[in-house]
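Data block below; observations after.
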Amino acid sequence: MITIHHYLILSALLFTLGLLGVVIRKNLLIVLMSLEVLMNAINLLLIAVSRYLGRMDGHVVAFFIMTVAAAEAGIGLAIVVTLFRNRRTIKTTDWRIMGG
Amino acid sequence: MSEIFLFYLFGGLSVLMTLLMIFQTNPVASAIYLVGAFFGLAALYVLLSAPFVAVLQVLVYAGAIMVLFTFVIMLLNIRKEELVYDRVTWRKTAVVLTALFFAGFLIWHFLKIPVVPFAPVEEGFGEVHKVGRLMFSKYLIPFELTSVLLLVAIIGALVLGKKE
């Protein structure tokens, strides 16, 4: 029998994998893709909980998260293109203009 | 039970595809694996009786966002010798251990939720009609604000992408 725990654990696993991708990868494009995985883990959590509670509010919030993800991907990729035009690299360790 | 089989099939597919995506040098291959992970998640949404969100997942994520990603990858045209810099170091091992600890922490908290089997859903749960009605009544103002967000994103992308 599938309970909410299956979905919650799957969501936690996906969130951890996304976090791992954000932290260990130096390719900025793959960091952005891992951010998408993070948002998808949250979406899965929202859908599972709305199924659990029998209410559809989670579906609407998942829709809003998808909108935010689309906006984030657009802006993020625009930033990547601009930085690549100036420095000719997409390695995150090459961009330390803010001393991070 | 076919539901259990489908859950493990598609859940395993998304986790496997995400893992492959993270440990891939070539960004084009990463993007393709990520599309696979999104398809697995869309199937899980159908299992959770959320067909509207499943369709949006395929359209918006696997369609629009991943096309944008592959387009930018092709546009940048990174040389192959630039891509081999993600080696395994002690710092990365520490990060993996911390991530495992984090996952265990999350799962430990999730397991405190009481185990209740999913109740049967009402007629039309998660379909366009009902979700749309909710979206345009209770969530009308946030819904309108998302259009402003998208407008801001378009203007921002244009300003950033413009040459000096």
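None of the figures in this text is laboratory data; all of them are computed from the coordinates on show. Owing to the predicted nature of the structure, the values given are computational and were not obtained by experimental measurement. Positions of Cβ are backbone-derived with ideal geometry, glycine not excepted, and every protein chain shown enters the neighbour counts.
Does the stretch A:1-47 come out rounded, prolate or oblate, given a ≥ b ≥ c as the square roots of the eigenvalues of its C-alpha gyration tensor, rounded meaning a/c under 1.5 and, failing that, prolate meaning a/b above b/c?
Judged from the Cα gyration tensor, the stretch A:1-47 comes out prolate (a/c at least 1.5, a/b above b/c).
So which of A:K26/B:K163; B:K92/B:K162; B:K92/B:K112; A:K26/B:K112 end up more than 29 Å apart by C-alpha?
Too far apart for the 29 Å limit: B:K92/B:K162; B:K92/B:K112; A:K26/B:K112.
Size descriptors for chain A: radius of gyration and Dmax over Cα atoms are 16.7, 55 Å.
For chain B, the relative contact order comes to 19 percent (Cα pairs under 8 Å, sequence separation of at least 6).
Charge dipole (Cα centre; +1 on Lys/Arg Cβ, -1 on Asp/Glu Cβ; no other charges) of chain B amounts to roughly 460 debye. Quick one: grab the alpha carbon gyration tensor of the stretch B:13-164, order the square roots of its eigenvalues as a ≥ b ≥ c, and give me rounded if a/c is under 1.5, else prolate or oblate depending on whether a/b is larger than b/c. Oblate shape, in that a/c is at least 1.5 and b/c is the bigger or equal ratio. Taken about its Cα centre, the protein assembly as shown carries a charge dipole of about 900 debye when Lys and Arg each add +1 at the Cβ and Asp and Glu each add -1 at the Cβ.
If you put +1 on each Lys and Arg Cβ and -1 on each Asp and Glu Cβ, how big is the dipole of chain A around its Cα centre, in Debye rounded to 20?
Using Cβ point charges on Lys, Arg, Asp and Glu, chain A gives about 420 debye.
Between the helical axis of A:57-87 and the longest alpha-carbon principal axis of chain A there is an angle of about 10 degrees. Give me D for the protein assembly as shown in µm² s⁻¹, whole number, from Stokes-Einstein with Rh from the Kirkwood sum over alpha-carbon pairs, 20 °C and 1.002 mPa s. Approximately 110 µm²/s, per Stokes-Einstein. Short-range pairs are left out: with C-alpha atoms under 8 Å and at least six residues apart, the relative contact order of the stretch A:4-94 is 30 percent. In terms of packing, defined here as the mean over residues of other Cβ atoms within 10 angstrom, the peptides B:28-36, A:36-44, B:71-79 line up highest first as A:36-44, B:28-36, B:71-79.
The angle between the Cα long axis of helix A:4-24 and the main principal axis of chain A comes to about 0°, on a 0 to 90 degree scale.
Indicate the helices, whole DSSP H runs only, in chain B that combine a mean Kyte-Doolittle hydropathy of 1.0 or more with a Cα extent along their long axis of 18 angstrom or more. Sorted by number, the helices that extend far enough and score high enough are B:2-22, B:27-47, B:90-110, B:140-161. With the helix formula -39500 (n - 2.57) applied to DSSP H stretches of n ≥ 4, chain B reaches a computed 222 nm mean residue ellipticity of -22000 deg cm²/dmol. Pairwise Cα separations in the stretch B:1-85 fall into 10 Å bins from 0 onward with the following percentages, short to long: 18, 41, 28, 11, 3. Once you reduce the stretch B:1-79 and the stretch A:19-98 to the center of their Cα atoms, the two points are 13 Å from each other.
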